[in-house]
Structure formats: C-alpha cells, structure tokens
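For reference, the structure discussed in these notes is given below.
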Amino acid sequence: MVYDLIVKNGIVVDPLRKIHKKQDIYVKNEMFVLPKIDGKGEMRAKKIIDATGCYVFPGLIEGHTHLYEGGSEAGYSPDLMLLPNGVTSAIDQGTAGSANFTSFYNQTILQSKVDIKAFLNISSTGITTEKYIENIDPSFYDRDTIRYLFRKHKDTLIGLKIRMEEASCGEMGITPLAKTIELAEELDCPVAVHVKNPNVPIPEIASLLRKKDTWIHIYQQTGQTIFNQHNFIYPELFEAQKRGVLFDVASGRSAFSFKMIRESMEQGFKPDLLGTDLVQFNYYEKPIFSLLYTISLYKSFGFTIDELIEKCTVITAKLMKLDDKIGSLAPGFQADISIVKMKQTDILFEDRHGGKQIGQELLIPMATIKAGRLLYQNIEF
C-alpha cells in the first residue's frame with residue numbers, strides 16, 4: 001500500500017486510547033489507517049513528515065470561540081487564525097442568534113476548512129457588538145425560528161447559549177435561564193450558560209443545570225463567583241459536575257485570575273473544558289494568545305499534557321457530537337493532526353488582575369493537518 005501520509009518518530013498523545021509513546025501515524029483517503037508492510041517490507045507514502053522531537057496530537061478542538069466574521073465585532077476568520085495554531089475544529093459559542101444564524105452558516109461555517117459546530121444564542125441578534133449585551137427577556141425569544149433552525153441545521157447546531165449576568169438579567173432573576181432550559185428540553189439539546197457576576201445566587205443556577213449543560217467562565221472574579229463567603233467552592237458546583245454538567249474556563253481577556261485557579265485546584269475542583277473565548281480583540285494578545293498558549297499556561301499549574309489534550313479533543317468532540325469522527329488518532333477517524341514542539345524555556349504568564357505564574361514549557365505549533373492535508377507548517381519544521 002502507498003499511504004497518502006506517514007508521520008514518523010513523534011511522541012503520540014491520544015487520550016481516547018490512553019496512548020503516550022513514540023509511534024508512527026498512517027493516513028490514507030483522509031482517514032487514519034493501520035500500517036501494512038508491502039511485499040518488499042517497505043512503508044511507502046506520497047508524503048512523509050519527520051516529527052522527531054515533537055508531540056503528535058489529534059487535531060485540537062477549540063471549545064469556546066466566536067467566529068462570525070463580518071456579522072459580529074467579535075468574529076474572526078477560523079482558517080486564518082486557528083489552523084496555524086494546531087486547531088482543526090471549533091465550537092462557536094452563541095455569536096449568532098435566530099435572526100442572523102443563516103448568514104453565519106452560509107458565510108463562515110460552509111466556507112471554512114475548520115469543522116465548526118455552534119450554540120445558537122437565545123437572543124435573536126446574538127453577540128453583534130460589545131456596546132450593548134444580548135436581550136434575554138423570554139417574551140422576545142423567537143421560538144418558532146429557533147425550532148426551524150434546529151430542524152434545518154441539526155448537524156451544525158448543538159445547543160442554546162444564554163448570558164446570565166447582572167446587566168442582562170435585570171429584574172428577571174432566574175426566569176430567562178429556566179425558560180431557555182425549557183426550550184432546550186423540547187429541542188433535546190444542552191444549554192451553555194455564560195455566568196459573570198449574576199444577580200441570581202450561584203447555587204440556584206447550578207441546581208438548574210443538567211447533564212451536558214456547560215457553565216462558562218468558572219474563574220471569573222467579579223462580584224458573585226464560584227466561591228462562597230467562606231472562600232469555599234459552593235457544594236452545588238461539585239454536585240453539578242458529578243451529574244455531568246461541564247465547566248469551561250473560557251478565559252477571555254479578563255474572565256479569570258491565577259488566584260482563583262490555584263484555590264480551585266487546592267479544593268479539588270478542575271475544569272472539564274479549556275475554551276479560550278478568543279475573539280478578534282484578543283487573538284495573538286496575552287494573557288490568552290491562542291489555544292496552545294492556554295494549554296502551556298495550565299500545564300504550569302500542574303495539569304498533565306494528557307489531561308489537557310483530553311479537554312481539547314475527547315471531551316470537545318463529544319460536545320460537538322463528532323466523537324466517532326474526530327478527537328483521536330485511531331484508525332477510522334478523520335486524519336486531523338496537530339504537530340507541536342514543547343520548548344523548554346522560562347516564561348512569565350500574567351493575568352489582568354496582577355497575578356503572575358512562572359512556567360518552564362511553551363507549546364509551539366509546527367504543523368497542522370486537516371483530513372490528511374497539510375494546511376500549515378512552521379518555517380523551522
């Protein structure tokens with residue numbers, strides 16, 4: 001057999017199969033395949049990549065970003081910004097609502113090499129501008145259009161998104177979230193909940209969330225946080241995580257602090273997802289910069305590379321309902337690969353609240369392969 005691609009000599013990290021070892025990867029017809037030696041005892045390929053000294057990950061999946069370029073101030077080009085950073089698939093977190101999702105789908109999702117799934121914002125206009133926030137008053141929910149979009153785009157829409165914070169909730173309290181979950185039950189989908197300084201008690205929000213729902217911005221430090229008045233994480237959050245609620249860091253520009261990360265880890269509370277909340281305003285800007293930079297940051301807090309890659313492959317693939325297609329280097333899966341070098345260097349990480357963290361390792365993207373095709377290569381690789 002002549003393979004389309006062989007990636008040789010790399011350290012393969014494939015959390016789905018619990019593999020972390022030096023291993024070659026074989027690609028044929030856009031899929032990973034098992035190796036077969038020809039009659040001459042040779043392995044032949046149209047292209048061979050020598051990944052000596054590098055990690056070989058499944059194509060990384062960005063779990064929280066905003067990709068509606070041209071339709072939202074936050075949006076950016078997924079292919080231009082994600083592929084050069086080892087990301088081959090992404091979840092758009094509610095940038096579009098019922099009034100503009102069709103435009104987002106036609107303009108961005110259909111045109112991108114990056115595989116994109118999306119949460120639909122419960123607010124009809126989605127996240128159009130930072131000058132005003134979404135209207136989450138249930139009396140304005142366009143339920144009929146939402147139902148129609150979920151029928152038409154059942155392979156793209158994976159859930160509903162709602163912003164729960166003081167400015168959006170006003171006097172409505174928990175009602176918008178309760179009504180969103182009610183509609184999600186009808187649609188048989190999860191809800192992603194942006195939680196930043198809500199004027200609803202944290203335990204009340206946590207108690208409403210169901211298996212596969214997502215709590216976004218767990219390390220935000222303004223007003224009400226995941227810590228109670230005694231500086232302990234609310235028991236309701238542990239209970240929610242046990243029943244299958246997902247907790248996403250979604251760090252953004254300032255929605256996290258190193259102090260909260262340390263204290264959460266000390267209390268045994270770890271995130272399920274490592275979303276960056278990257279937008280046009282913060283891509284290639286610290287403290288977030290990119291998904292690989294974010295992985296490097298969390299590795300400095302003591303997470304292993306295997307558990308961090310799992311959060312950006314296995315868990316996100318399940319959320320995208322593509323866990324039989326992406327998120328692993330296993331034979332039969334789509335040949336999405338991120339080749340990354342771990343550079344040993346002292347690096348100072350800083351949050352926007354005065355926090356500092358010293359790391360010794362920085363992940364550098366060397367090559368990105370999407371469906372067996374090399375779409376990015378570092379000039380030094």
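The values are calculated or read from the model by the stated rules, or taken from the named source; none is laboratory data. Model, not experiment: these values are computed from the prediction. All Cβ positions, glycine included, derive from the backbone under ideal geometry; neighbour counts span all protein chains shown.
General observations
- Number of the exception - Glu239 against (1) without any contact (Cβ under 8 Å) to a residue 40 or more places away in the chain; (2) in a loop (DSSP other than H, G, I, E, B): (2)
- Count - residues of the range 84-135 that are touching a residue at least 24 places away in the same chain (Cβ under 8 Å), surrounded by fewer than 24 Cβ atoms within 10 Å (Cβ to Cβ) and of a type in the set (A, V, I, L, M, F, W, C): 4
- In the range 8-24, the residues that are on the phi < 0 side of the Ramachandran plot and surrounded by 15 or more Cβ atoms within 10 Å (Cβ to Cβ) reach residues that are assigned to a strand (DSSP E or B) and of a type in the set (Phe, Trp, Tyr) with C-beta atoms within less than 6 angstrom, at least six apart or across chains, in these pairs: Ile11/Tyr55; Val13/Tyr55; Val13/Phe57.
- Some residue of the range 143-154 being under 28 Å from Ile326 (Cα atoms) and outside any helix (DSSP H, G or I): yes
- For the range 339-365, a residue qualifies if it is in contact with a Ser or Thr (Cβ under 6 Å, 6 or more places away or on another chain) and crowded, with 17+ Cβ neighbours inside 10 Å, and the qualifying residues are Asp351, Gly355, Gln357, Leu362, Leu363.
- Per-region count, the range 190-244, residues buried (at least 20 other Cβ atoms within 10 Å of the Cβ) and of a type in the set (Lys, Arg): 1
- Residues that are touching a Phe, Trp or Tyr at 6+ places or on another chain (Cβ under 8 Å), of a type in the set (Gly, Ala, Ser) and at negative phi, drawn from the range 124-152: Ser124
- Test result for Ile61, among the aliphatic types (A, V, I, L, M) and in a loop (DSSP other than H, G, I, E, B): no
- Given (1) farther than 16 Å from Ala192 by Cβ; (2) of a type outside the set (Phe, Trp, Tyr); (3) at pLDDT 95 or above; (4) crowded, with 19+ Cβ neighbours inside 10 Å, index of the condition Ser72 fails: (3)
- Applying the set (1) within 26 Å of Thr304 (Cα to Cα); (2) surrounded by fewer than 23 Cβ atoms within 10 Å (Cβ to Cβ) to Gly59 leaves exactly one unmet item: (2).
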